[in-house]
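Asker: This is the structure, below, for whatever I ask next.
All of the numbers you see were taken from the coordinates with simple rules; none came from a lab. Computed from a predicted model, the values in this text were never measured in an experiment. With ideal geometry, Cβ positions are generated from the backbone for all residues, glycine too; neighbour counts draw on all protein chains shown.
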Amino acid sequence: MAKDVAAKKTAANDAAIEASRGHFSSKIGFIMAAAGSAVGLGNIWGFPTKVAENGGAAFLLIYLLMVFVLAFPMLVAELAIGRYGQGNPIASLRSVWQGKRWAPLLWGGLAMLVASLILSFYSIVAGWLIAFAAEPVFSGLGLMEQAGWLTEFSTARNASMAVIFSLLTIWVVSQGVADGIEKWSTRLMPLLFVLFAGMIVYMMTLDGASQGLTTYLVPDFSQVDARLLVDAMGQAFFSLSLGVGAMMVYGSYLKKDVNLPKVATQVAIIDTSVAFAAGLLVIPAMFVAKHNGVEIFNDAGDLISSGDLVFQVLPALFDTMGASGPFIAVIFFVLMMIAALTSSISLLEVPVSCAQDELGMARKTSSWVIGLAIIVISLVICLNFGTLFGLVVDFTTVYMQPALGIIWALVVGWVWHRNELLHELQQGNPELAQGWFWKIWPWYVRFVCPVAIAAVIFVSVS
Ligand code: PFF
């Protein structure tokens, strides 16, 4: 009887929470939105670039290991914190960390800052996508000078495109969760997958592709060093949108009857498949481009420029496609831009949800105020690209995302009461306590994750 009353109370409470904050209206909507956050520049730009810099298949293997051994358990942890707390990351941490005022504010606030910094460089790279999507249109109209400006690296190009992309992000976030995020993700992600598959099949028919395939799939373990380990770990955290509270926010918009480990597995599989496919496209495309005379490597065999590698080899690939090339290029870059947008909105959602709940600001106001502040940081990076860009990327993604992961692992493993954690996960999976996941995961997050993440960071800096 008492149990019934309690259950009714919880259900009523959940309904009230759902009514007040907006939830993903369907499970597939959530998976698509979380996968939308995960799939983005990290997959198509970050991952292939890191593979190329680190000599190919060895990176791929260590990356896969990092995703399943470290990032996936942390994805479950972040989603669980968010869904339990049903609030912005600071509020969610506060519910787990009962009675503590400063710790949630400090760590949630740090996550918010790192999310904002990531967004400031993310918009610059996403801006390049806009430029490359527009270039074939300008060329087609005979506006060659403008087309050249769009694809040539310059501060003015970088800054203006970053501002356009940021404004798009702010606009979508200001519209709110169900209307903005879910609609975009569910409709367009599948289209991107199909296009990818088609391009990979086409590319395999070109000269040079097989050499790229070997580089991508046959490992050379002499390449494995501390830098590769920390790069692979950072890339896994970046790709799964971990550390900075984005998955906590998405978890908080998730209904209680959803099985968290299961949706986390689905999101991790989708994200990793897209990264793998992007590697399958970009690495062979590098060798096709080389075969066609594009300079990719210097005499010592090192990549000439790694940051915009993807933006050199993919247009070179489209050039081989004859009359259809410009059309495919536009579709590809537009879809990529949308994939980047579904990631950037999850980044902006972190500080915006904090400002909305903690400071009582309206969603529209907080989206614009915070978004504009991040644009200012983007502009500072654009003006000092050579010194700041790589630094901000490395600091936030290689070090801060995994380091914040240590904090969340400690919170879930040591602060959160085990019964409450079990109850949270059981709501979407009543048999959880009997299965293998519950036998391993809590201990794993408690001991293995923090120690392993700290060890990788330590080896790489020492
Ligand atoms: N996962 C995104 C990508 O691979 O492009 C980047 C990202 C989004 C990182 C959201 C962190 C985040 F919170």
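Asker: Would you list the P(r) distribution for the range 386-462, with all Cα-Cα distances sorted into 5 Å bins from 0 and each bin expressed as a whole %?
Answerer: Reading upward from the zero bin: 3, 14, 19, 18, 15, 11, 9, 7, 4, 2, 0.
Asker: Hey, another quick one. Work out which GluC sites (Glu not before Pro) in the chain are exposed loop sites (DSSP not H, G, I, E or B, at most 15 other Cβ within 10 Å) and give the longest gap free of them.
Answerer: Working: sites that count: E152, E295, E431.
Longest stretch, sites excluded: 1-151.
Asker: Note down, for the range 274-320, the three equivalent ellipsoid semi-axes (square root of 5 times each alpha carbon gyration tensor eigenvalue), biggest first, whole angstrom.
Answerer: On the way: eigenvalues 56, 34, 17 Å².
Values for the range 274-320, descending: 17, 13, 9 Å.
Asker: Per 10 Å bin from zero, what fraction in whole % of the C-alpha pairs of the range 316-389 is there, up to the bin with the longest pair?
Answerer: Going out from 0 Å in 10 Å bins, the range 316-389 shows 17, 27, 28, 19, 7, 1 percent.
Asker: Exposed loop trypsin sites (Lys or Arg not before Pro) only (DSSP loop, at most 15 other Cβ atoms within 10 Å): please give the longest stretch of the chain free of them, not including the sites. Can you show the working numbers first?
Answerer: Details: sites that count: K100, R101.
Result, exposed sites excluded: 102-462.
Asker: Quick one: in the range 57-97, what % of C-alpha pairs are over 13 Å apart? Mind showing how you got there, number by number?
Answerer: Numbers: 472 of 820 pairs.
Looking at the range 57-97, the distances longer than 13 Å represent 58 percent of pairs.
Asker: Please state the relative contact order of the chain as a whole percent: Cα pairs under 8 Å, 6+ residues apart?
Answerer: Working: 675 pairs, mean separation 150.0, N = 462.
Computed value for the chain: 32 percent relative contact order.
Asker: With a cut-off of 8 Å between alpha carbons and a minimum separation of six or more residues, what is the relative contact order of the range 69-177 in percent? Please report the intermediate quantities before stating the final value.
Answerer: Values: 75 pairs, mean separation 19.5, N = 109.
Once divided by the residue count of the range 69-177, the mean separation gives 18 percent.
Asker: Need the full-extension length gain, W102 to L64, defined as separation in residues times 0.36 nm minus the C-alpha distance. One decimal, nm. Working shown, then result.
Answerer: Numbers: separation 38, 0.36 × 38 = 13.68 nm, distance 3.61 nm.
Here the answer is 10.1 nm.
Asker: Quote to one decimal, in nm, the extra length available between L143 and M321 on full extension: 0.36 nm per residue of separation minus the C-alpha distance between them.
Answerer: Working: separation 178, 0.36 × 178 = 64.08 nm, distance 2.12 nm.
Using 0.36 nm per residue and subtracting the Cα-Cα distance, I get 62.0 nm.
Asker: Right, something else. Viscosity 1.567 mPa s, temperature 4 °C: what is the translational diffusion coefficient of the range 208-318 from Stokes-Einstein with a Kirkwood Rh over Cα pairs, rounded to a whole number of µm²/s?
Answerer: Values: Rh = 16.6 Å.
So the translational diffusion coefficient is about 78 µm²/s.
Asker: Binned at 10 Å from 0, what are the whole-percent values of the Cα-Cα distance distribution for the range 62-153, short to long?
Answerer: 14, 24, 23, 17, 16, 6, 0
Asker: Ok, one more. For a paramagnetic label modelled at 7 Å from the Cα of T155 toward its Cβ, which residues of the range 357-377 fall within the zone defined by backbone nitrogen distances under 18 Å?
Answerer: 375-377, by backbone N distance to the label point.
Asker: I'd like to know which of G87, V137, T214 lies farthest towards the positive end of the charge dipole of the chain, counting +1 on Cβ of Lys and Arg and -1 on Cβ of Asp and Glu.
Answerer: Among G87, V137, T214, the one farthest towards the positive end of the dipole of the chain is G87.
Asker: Additional query: Over the alpha-carbon set of the range 338-429, divide Rg by the Kirkwood Rh and report the Rg/Rh ratio to two decimals.
Answerer: Numbers: Rg = 17.6 Å, Rh = 16.3 Å.
Rg/Rh: 1.08.
Asker: Work out the length of the dipole vector of the chain about its Cα centre, built from +1 on the beta-carbon of each Lys and Arg and -1 on the beta-carbon of each Asp and Glu, and round it to the nearest 20 debye. Mind showing how you got there, number by number?
Answerer: On the way: 23 positive and 28 negative charges, 351 e Å.
Dipole of the chain, to the nearest 20 debye: 1680 debye.
Asker: Might you report the magnitude of the Cβ-based charge dipole of the range 26-148 about its Cα centre, with Lys and Arg at +1 and Asp and Glu at -1, to the nearest 20 debye?
Answerer: Values: 6 positive and 4 negative charges, 150 e Å.
Rounded to the nearest 20 debye, it is 720 debye.
Asker: Check every DSSP H run in the chain and write down those whose alpha carbon atoms cover 24 angstrom or more along the long axis and whose mean Kyte-Doolittle hydropathy is 0.0 or greater. Before the final figure, lay out the partial values.
Answerer: Working: long enough: 2-21 (28 Å, -0.43); 102-140 (57 Å, 1.54); 155-175 (30 Å, 1.10); 183-203 (31 Å, 1.29); 260-291 (46 Å, 1.32); 325-358 (49 Å, 1.48); 363-383 (30 Å, 1.81).
Those that clear 24 Å and a mean of 0.0 are 102-140, 155-175, 183-203, 260-291, 325-358, 363-383.
Asker: Helix-derived [θ] at 222 nm for the chain: sum -39500 (n - 2.57) over DSSP H runs of at least 4, divide by residue count, nearest 500?
Answerer: Mean residue ellipticity, 222 nm, calculated: -24000 deg cm²/dmol.
Asker: Given the convex hull of the Cα atoms of the range 306-462, what is a quarter of its surface area in nm²?
Answerer: Values: hull surface 60.5 nm².
Value for the range 306-462: 15.1 nm².
Asker: Evaluate the chain: find the radius of gyration of its Cα atoms, find its Kirkwood radius, and give the ratio Rg to Rh. If you can, show how the numbers build up before the last one.
Answerer: Working: Rg = 22.0 Å, Rh = 22.6 Å.
When Rh is taken as the Kirkwood radius, the ratio is 0.97.
Asker: Given a Förster radius of 45 Å and the C-beta distance between F297 and W436 as r, what FRET efficiency does 1/(1 + (r/R0)^6) yield to the nearest 0.05? Walk me through the intermediate numbers first.
Answerer: Values: r = 46 Å, r/R0 = 1.02.
With R0 = 45 Å, the Cβ-Cβ based efficiency is 0.45.
Asker: Once Rh for the range 244-393 is found with the Kirkwood sum over Cα pairs, what is the Stokes-Einstein diffusion coefficient at 25 °C and 0.890 mPa s, in µm²/s?
Answerer: Working: Rh = 19.0 Å.
For these conditions, the coefficient is 129 µm²/s.
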